[in-house]
Amino acid sequence: MRASAYPKDHNDMQKYEFKQIEGKWRKAWEDEGLHHTDFDGDGKKCYCLVMFIYPSADRLHIGHWYNYGPTDTWARFRRMHGDNVFEPIGYDAFGLPAENYAIKHGVHPWDSTGENVRVVREQLREIGAMYDWEREVNTSEPEYYKWTQWIFLQCYKAGLAYRSAGQVNWCPSCQTVLANEQVMADGTCERCDSDVTRKEMVQWFLRITKYAEKLLGNLDKLDWPEKTKAMQRNWIGRSEGGEITFEFAADTPGADKLATEERSFKVFTTRPDTLFGVTYMVMAPEHPLVKRITTPEQKAEVEQYIEKASHLNEIQRTSTVKEKSGVFTGAYAVNPVNGERIPIWISDYVMLSYGTGIIMAVPAHDTRDFEFASKFGLDIRQVSTEPGVMVNSGAFDGQQSKEGARKVVEKLQEKELAEFKVNFRIRDWLISRQRYWGVPIPIVYCEKCGEVPVPEDQVPVELPYDIDFKGAVKGVSPLATNEEWVNTACPTCGGPAKREIDTMDTFVDSSWYFLRYPTPKLDDKPFERQLSDSWLPVHHYVGGAEHATMHLIYARFINMVLHDLGHIGFEEPFQRLSHQGTITNQGAKMSKSRGNVINPKSYIDKFGADTFRCYLMFMGDYSQGGDWDDTGIQGMYRFLMRVWRLVQFNSDRVKGVQR
């Protein structure tokens with residue numbers, strides 16, 4: 001019979017009192033500054049970072065724990081192997097929920113966010129992670145967003161920040177503009193699930209399209225999940241082809257009133273070899289030339305269609321299952337390869353934001369165009385055979401399509417009617433938000449000087465506390481209700497001016513926070529260049545895969561801009577990326593509406609933070625997540641009690657051993 005592993009009096013051993021044990025060691029670590037990183041210390045540098053938390057009133061949920069607990073365990077593992085580990089934490093504290101809470105309950109966002117940060121900080125301490133609490137950041141503090149405004153000003157000076165009118169995504173519930181990345185696949189708002197519509201507004205943009213090629217090319221250098229890189233490649237959407245110039249027919253209504261540069265238009269195509277198969281053109285309904293070229297006979301029908309299309313968002317308009325619709329304008333264009341007159345239609349499946357907002361339709365070789373042509377009885381002409389040989393294409397008959405496409409562009413180039421072109425699906429980053437709880441855009445408007453950036457030595461432009469949230473006009477930022485804040489002096493001439501009343505998308509705040517962590521209290525610059533170049537890029541970044549085409553692409557863009565402007569010495573912010581999986585409850589995703597949300601606190605109170613952490617570590621593949629099981633955590637608790645008894649039994653052997 002196997003002898004017992006414990007002495008007969010093992011029942012007299014100290015119990016596993018996890019509350020006292022965990023509290024004791026958390027205090028000891030903090031008192032000794034054990035987790036304060038010495039940036040000049042020995043060991044291989046290891047910057048381990050989780051995506052920082054939004055401090056909501058709901059506090060920490062199990063998803064946060066699954067992100068933070070196992071990642072900290074990996075960081076501890078690296079430290080035990082001699083690495084000099086830096087593991088900070090902070091708060092992505094601006095955002096719409098705090099403002100909506102203020103409107104509903106009358107609690108100012110500054111006050112509610114401050115209280116939420118305090119509570120979340122205490123909950124984060126319960127994890128027992130190695131966070132360097134001396135290097136905490138909070139994006140809603142002026143000491144932080146001063147530098148968010150500074151980054152905007154650097155972009156402005158470099159021609160990368162601009163203001164423009166155009167069609168934008170509008171959430172009627174949140175009463176604010178959304179970037180394309182913030183509209184879900186079903187056409188709803190990522191925040192409130194309301195249907196997103198389109199609206200004409202003047203907004204601020206960051207010129208991310210200028211970095212499309214670099215954002216795409218650098219992906220091959222990154223140690224990231226292939227699925228995430230594929231999502232970014234698809235979002236950037238690089239296409240090679242030709243930009244073809246078409247002219248309006250001479251009898252186009254109002255042609256004599258069009259400026260010389262307006263009498264022709266450009267169309268991007270990836271298939272110049274199909275130009276002989278173009279049987280109609282389609283313009284986006286919101287294209288500025290539509291109303292000017294429409295015949296009197298078609299005017300009423302065209303205007304009615306434009307109004308109808310304005311209520312649809314981009315997802316709805318470009319859906320492949322939506323029945324095609326459109327209206328003939330009465331105008332014609334001239335095909336540059338054969339001189340044919342081509343009818344010009346408008347349809348909501350063409351977007352002004354992609355390419356030039358006008359397409360050439362080749363229904364014999366495009367499913368979408370075929371459906372449209374079939375519905376409206378338009379010509380369908382085959383100009384390419386199945387093996388990819390050009391037919392019905394005049395002098396180009398018999399050419400291989402790829403070679404023929406090149407020759408068609410070259411032929412039209414001789415007449416200055418075409419050029420080779422690379423196009424991208426990604427659009428410039430729309431950062432204007434008609435909300436209060438965000439970073440003020442550091443621009444003023446002067447009657448004499450026009451649009452004037454706030455000088456760098458005058459930031460931060462701080463948010464005023466006195467705001468009438470309910471008194472704001474719908475669709476206008478609440479900042480407009482504080483006239484004393486809005487009315488200011490022009491930095492250039494000293495005359496009367498008004499501040500920009502929109503705030504920045506909160507993704508601007510999170511696009512650079514990883515640079516601030518090493519020196520969060522620095523007041524004369526956003527980060528220390530030498531220290532940043534020594535410790536970054538982040539060696540291991542962990543967070544949700546849902547940020548693939550939002551935060552992760554925005555952070556890469558801002559990092560590249562700062563690199564190109566000479567502020568940092570590295571192009572990419574995150575060397576290695578991991579995504580945590582999703583924890584389900586009885587096979588279903590957790591949500592308040594289902595009533596199946598797991599509250600970590602109840603389990604921590606019952607079993608302890610170490611038990612909870614260990615259970616998460618053993619659930620399975622970290623990138624896959626798993627299903628919650630109460631019996632599993634009870635088993636992990638019994639395992640830790642056995643470990644505790646084993647240590648108790650061998651306590652004499654380890655006396656004198658240094659920690």
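The values are calculated or read from the model by the stated rules, or taken from the named source; none is laboratory data. The structure presented is a predicted model; accordingly, all values stated were derived computationally and were not measured. When we count neighbours, we look across all protein chains shown, and the Cβ atoms used for this are built from the backbone with ideal geometry, even at glycine. Ligands, DNA and RNA are stripped out before the accessible areas are found, and what is left, the full protein with its side chains, is counted by its heavy atoms. Shrake-Rupley method; radii C 1.70, N 1.55, O 1.52, S 1.80 Å.
Past 25 Å, Cα to Cα: identify those pairs from LYS157/LYS498; LYS27/LYS606; LYS291/LYS421, in the order given.
Where the Cα-Cα span goes over 25 Å, the pairs concerned are LYS291/LYS421.
Once label points are set 7 Å from the Cα along Cα→Cβ at both ASP58 and THR584, what is their separation, rounded to one decimal in nm?
Here the answer is 1.9 nm between the modelled labels.
If the label point is 7 Å along Cα→Cβ of GLN400, which residues in the stretch 366-386 have backbone nitrogen under 18 Å from it?
Within reach of a label on GLN400, which here means backbone N under 18 Å from a point 7 Å along Cα→Cβ, the stretch 366-386 contributes 384-386.
Which shape class applies to the stretch 305-449: rounded if a/c is under 1.5, otherwise prolate when a/b exceeds b/c and oblate if not, where a ≥ b ≥ c are the square roots of the Cα gyration tensor eigenvalues?
prolate
Measuring from label point to label point, each 7 Å out along Cα→Cβ, what is the GLU414 to GLU546 span in nm?
The answer from the label model is 5.7 nm.
Just to be sure I understand the model, the point goes 7 Å from the Cα along the line to the Cβ. What's the resulting SER651 to ASP223 distance in nm?
Using points 7 Å along Cα→Cβ, the separation is 4.2 nm.
Expressed as a whole number of Å, what is the distance separating the alpha-carbon centroids of the stretch 434-488 and the stretch 373-426?
Cα centroid to Cα centroid, the span is 51 Å.
Can you tell me the FRET efficiency between GLU386 and GLU190 if r is taken as the Cβ-Cβ distance and R0 is 41 Å, rounded to the nearest 0.05?
Between GLU386 and GLU190 the formula returns 0.45.
Cα to Cα, under 20 Å, and not fewer than 8 places away if on the same chain: which aspartates and glutamates meet these conditions relative to LYS227?
Those aspartates and glutamates meeting the cut-off are GLU181, GLU213, GLU546, GLU572, ASP621.
Report the antiparallel proportion of the DSSP beta bridges in the chain as a percent, rounded to a multiple of 5.
Taking every DSSP beta bridge within the chain, about 75 percent pair in antiparallel fashion.
Beyond a 32 Å Cα-Cα separation, which of these cross-linked pairs lie in this structure: LYS199/LYS415; LYS229/LYS589; LYS257/LYS415; LYS44/LYS521?
LYS199/LYS415
Within the stretch 411-459, list the GluC sites (Glu not before Pro) lying in a DSSP loop whose Cβ has at most 14 other Cβ atoms in a 10 Å radius.
Here the sparse-neighbourhood loop sites are GLU414, GLU416, GLU447.
From the Cα gyration tensor of the chain, with a ≥ b ≥ c the square roots of its eigenvalues, which class applies: rounded if a/c is under 1.5, or else prolate if a/b is larger than b/c, or else oblate?
prolate
Counting only C-alpha contacts under 8 Å and six or more residues apart, can you give the relative contact order of the stretch 362-448 as a whole percent?
Answer for the stretch 362-448 is 12 percent.
Just to verify a number: FRET efficiency for ARG642 and GLU122, C-beta to C-beta distance, R0 = 30 Å, to 0.05?
With a Förster radius of 30 Å, E is 0.50.
Per residue of the stretch 368-376, in order, report the coupling 6.51 cos²θ - 1.76 cosθ + 1.60 (Karplus, θ = phi - 60°) as ³J(HN,Hα) in whole Hz, putting x for Gly and Pro.
Taking θ as phi minus 60°, the curve returns 4, 5, 5, 4, 5, 4, 5, 5, 9 Hz for the stretch 368-376.
For the stretch 235-292, what is the relative contact order in percent, using Cα pairs closer than 8 Å and at least 6 residues apart in sequence?
RCO, the stretch 235-292: 40 percent.
Just to confirm, what accessible area per residue do you get for the stretch 343-433 at 1.4 Å probe, in whole Å²?
48 Å²
Suppose a student asked you for the relative contact order of the chain, using Cα pairs under 8 Å spaced at least 6 residues apart; what percent would you report?
17 percent
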